[in-house]
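Since the structure comes first, as structure tokens, the remarks are kept for the end.
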Amino acid sequence: RAIAVKRSEISAAESVYETLSDNKNKLATAEENLKKYNEKREIIVLAENYLKAADEKLQQKYVAPVKDAFVKYSLPLERALGEKIVMNKDFKMFFESGGEIRDDKHLSSGQRCILSLCFRLSLVENAFGGEKPFLIMDDPFVNLDKEHIGKVTQFLKEIAKNEQIIYFCCHESRKLL
């Protein structure tokens with residue numbers, strides 16, 4: 001019985017020995033693959049860090065100034081409309097009503113056209129830096145009611161102090177001056 005046990009152990013040891021060189025080759029291949037994967041991972045991590053840094057610079061250099069200018073232009077309109085306007089880093093606009101943030105799709109078409117104007121003014125301000133281009137507006141307030149057109153008139157009069165604006169309208173009710 002002891003001999004049978006020893007033969008079994010010898011047989012198991014021989015099996016391990018026979019697969020040992022195979023296992024060493026597999027281990028060497030696995031270590032080579034691990035080294036390649038680690039190199040690729042390092043490249044990916046570096047790329048990710050560069051992309052994050054680029055995104056941060058983009059936010060600081062382009063997005064933040066546009067958002068700041070948007071806030072500047074939309075502030076008088078917030079008071080006039082009674083809604084707090086918010087813009088995210090993707091230039092998506094929201095408004096606060098009753099303590100709840102809502103999508104701009106819940107605003108009237110007139111209010112959306114006012115927000116669109118504020119956004120375009122902020123883009124123009126940042127695109128041209130210190131230069132002041134003239135603005136051409138072709139009936140941008142066609143969707144506003146009488147109450148809001150009066151509030152927007154005051155807003156445009158304020159902007160016109162610093163900007164040259166050419167304003168076209170198709171109806172006497174949209175005449176601003």
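The values are calculated or read from the model by the stated rules, or taken from the named source; none is laboratory data. These figures come from a predicted structure and were not determined experimentally. Counting neighbours? That spans all protein chains shown, and the Cβs are built from the backbone with ideal geometry, glycine included. Side chains are part of the model used for accessible areas, which takes the heavy atoms of the whole protein and leaves out ligands, DNA and RNA. Shrake-Rupley method; radii C 1.70, N 1.55, O 1.52, S 1.80 Å.
Is it true that residue 102 is surrounded by 12 or more Cβ atoms within 10 Å (Cβ to Cβ) and assigned to a helix (DSSP H, G or I)? For residue 102, the condition - surrounded by 12 or more Cβ atoms within 10 Å (Cβ to Cβ) and assigned to a helix (DSSP H, G or I) - is not met.
Pairs are defined by a Cβ separation below 8 Å, a sequence spacing of at least 6 or placement on different chains, a first member in the range 15-26 that is in contact (Cβ under 8 Å) with a residue 60 or more places away in the chain and at positive phi, and a second member that is among the basic types (Lys, Arg) and in a helix (DSSP H, G or I); no pair meets this definition. If you go through the range 6-58 and keep only what is modelled with pLDDT of 90 or more and of a type in the set (A, V, I, L, M), you end up with 27, 28, 30, 34, 43, 44, 45, 46, 47, 51, 53, 54.
One residue alone among 120, 79, 112 is surrounded by fewer than 18 Cβ atoms within 10 Å (Cβ to Cβ), closer than 27 Å to residue 139 by Cβ and in contact with a Leu (Cβ under 9 Å, 6 or more places away or on another chain), and that residue is 120. When restricted to residues that are free of Cβ contacts under 8 Å to residues at least 24 places away in the same chain and either within 16 Å of the chain's Cα centre (by Cα) or open to solvent by 90 Å² or more (accessible area, probe 1.4 Å) (or both), the range 82-97 contains 6. Of all the numbered requirements in (1) modelled with pLDDT under 80; (2) outside any loop (DSSP other than H, G, I, E, B); (3) more than 21 Å from residue 87 (Cβ to Cβ), residue 130 misses one, and that requirement is (2).
So that you can scan it fast, the table gives a plain yes or no per residue for (1) free of Cβ contacts under 8 Å to residues at least 12 places away in the same chain; (2) of a type in the set (S, T, N, Q); (3) assigned to a helix (DSSP H, G or I); (4) within 22 Å of residue 154 (Cβ to Cβ):
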| site | (1), (2), (3), (4) |
| --- | --- |
| 50 | yes, no, yes, no |
| 66 | no, no, yes, no |
| 111 | no, yes, yes, yes |
| 118 | no, no, yes, yes |
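Scanning the range 149-177 for residues that are part of a helix (DSSP H, G or I), open to solvent by 30 Å² or more (accessible area, probe 1.4 Å), closer than 30 Å to residue 64 by Cβ and in contact (Cβ under 8 Å) with a residue 12 or more places away in the chain gives 151, 154, 157, 158.
Being in a loop (DSSP other than H, G, I, E, B) and charged (D, E, K, R) is the filter; apply it to the range 133-148 and report the residue that is least open to solvent (accessible area, probe 1.4 Å). The qualifying residue least open to solvent (accessible area, probe 1.4 Å) is 139. Restricting 56, 39 to those that are open to solvent by 100 Å² or more (accessible area, probe 1.4 Å) and either part of a helix (DSSP H, G or I) or under 30 Å from residue 123 (Cα atoms) (or both) reduces the list to 56.
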